[in-house]
Amino acid sequence: MLSISNLNVSFGGVQALNLKNFSLKKKELRVIIGPNGAGKSTFMDVLCGKTTPKFGHVLFKGKSLIGKSETEIARMGIGRKFQKPSVFEGLTVFDNLLLGLKGKKKFLSSMFFKLTQEQSDKILEVACQVNLEKELNTFAGSLSHGQKQWLEIAIVLLQDPELMLIDEPAAGMSDSETAKTGELLCELAKNNGVIVIEHDMHFVEQIAQEKVTVLVRGEVLTEGTFDEVKNNQEVIDCYLGSPDSAQVKK
Ligand code: ADP
Ligand code: MG
């Protein structure tokens with residue numbers, strides 16, 4: 001699904017990312033961990049077209065993403081959920097989803113548009129996927145932090161992405177919300193490729209299915225199963241033993 005080689009991103013001469021190789025299978029769920037500043041978010045920025053690399057190859061389903069705009073990449077099937085929720089608090093869950101479906105301009109310019117059966121079915125379907133089907137008439141501003149994050153995931157799901165990029169979904173969530181988010185991500189990975197950036201090692205343990213990738217200073221330090229990575233001495237030295245890792249805090 002994703003094949004990357006020699007990917008390099010620099011900001012003002014400072015190297016943020018230098019990935020020799022990275023690949024993802026269809027419907028794989030990959031977790032990326034690593035200390036602050038390791039290049040994790042930059043990696044996602046490249047994959048969704050927000051940042052252009054200095055050089056390198058990024059192929060998604062055999063097609064290059066380099067030089068493509070964010071809109072083009074979204075159309076190709078990559079959906080990104082950013083770290084901070086940005087839902088419209090003064091609108092209901094339903095209307096937030098409607099906006100996600102119709103696009104902001106169309107929504108705002110037509111007060112009396114007709115919702116097709118297909119569109120309302122789609123809204124209900126994604127609301128069910130993220131456990132918000134009972135909250136469709138709730139104002140987004142009244143949702144818990146975790147529910148807002150799920151609403152954002154639902155908005156990404158409306159675009160039927162084949163690959164979802166999710167940056168620190170569990171940050172700021174309660175333990176029960178974190179556990180539910182883990183279930184949600186595992187469920188999504190049955191039909192989609194999913195790349196998740198996460199700090200909380202308990203959460204990583206819950207969701208890691210095959211491989212975990214450890215990024216340090218823009219490079220892949222190692223890749224392996226959760227247990228392999230957790231017991232890797234270099235990973236312990238560079239990351240798990242540092243205050244960045246939530247495992248140490250708990
Ligand atoms: P992570 O998500 O792993 O914490 P980032 O990808 O945010 O790391 O950052 C990687 C490095 O790139 C850091 O040194 C950061 O300061 C730098 N960086 C990220 N985005 C920018 C930017 N827009 N301009 C300048 N430097 C940036
Ligand atoms: Mg980040």
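The values are calculated or read from the model by the stated rules, or taken from the named source; none is laboratory data. These numbers were taken from a predicted model, which means no experiment stands behind them. For neighbour counting, all protein chains shown are included, and Cβ atoms are generated from backbone atoms with ideal geometry for every residue, glycine included.
Residue check: Lys20 meets all listed conditions (1) at pLDDT below 95; (2) more than 16 Å from ligand 2 (Cβ to nearest atom); (3) closer than 22 Å to Gly224 by Cβ but one, namely (1).
From the set of residues in the range 130-146 that are part of a helix (DSSP H, G or I) and at pLDDT 95 or above, which is surrounded by the fewest Cβ atoms within 10 Å (Cβ to Cβ)? Residue satisfying both the conditions and the ranking: Lys134. Looking only at residues of the range 194-242 that are of a type in the set (Ser, Thr, Tyr) and surrounded by fewer than 21 Cβ atoms within 10 Å (Cβ to Cβ), we find that the one that is nearest to ligand 2 (Cβ to nearest atom) is Ser242.
Of the set (1) away from ligand 1 (no atom under 16 Å from the Cβ); (2) more than 29 Å from Cys186 (Cβ to Cβ), all apply to Gly13 but (1).
When you check Gly37 against the structure, is it farther than 24 Å from Leu158 by Cα, among the small types (Gly, Ala, Ser) and more than 15 Å from ligand 2 (Cβ to nearest atom), yes or no?
On the way: farther than 24 Å from Leu158 by Cα: yes; among the small types (Gly, Ala, Ser): yes; more than 15 Å from ligand 2 (Cβ to nearest atom): no.
So Gly37 fails the test.
A Cβ distance below 6 Å, combined with a sequence gap of six or more or placement on separate chains, defines the contacts here; from the range 8-25, residues that are surrounded by 12 or more Cβ atoms within 10 Å (Cβ to Cβ) reach residues that are among the basic types (Lys, Arg) in the pairs Asn8/Lys54; Ser10/Lys54; Leu24/Arg30. The set of residues from the range 49-82 being closer than 24 Å to Gln209 by Cβ, within 16 Å of ligand 2 (Cβ to nearest atom) and surrounded by fewer than 20 Cβ atoms within 10 Å (Cβ to Cβ) comprises just one member, Phe82.
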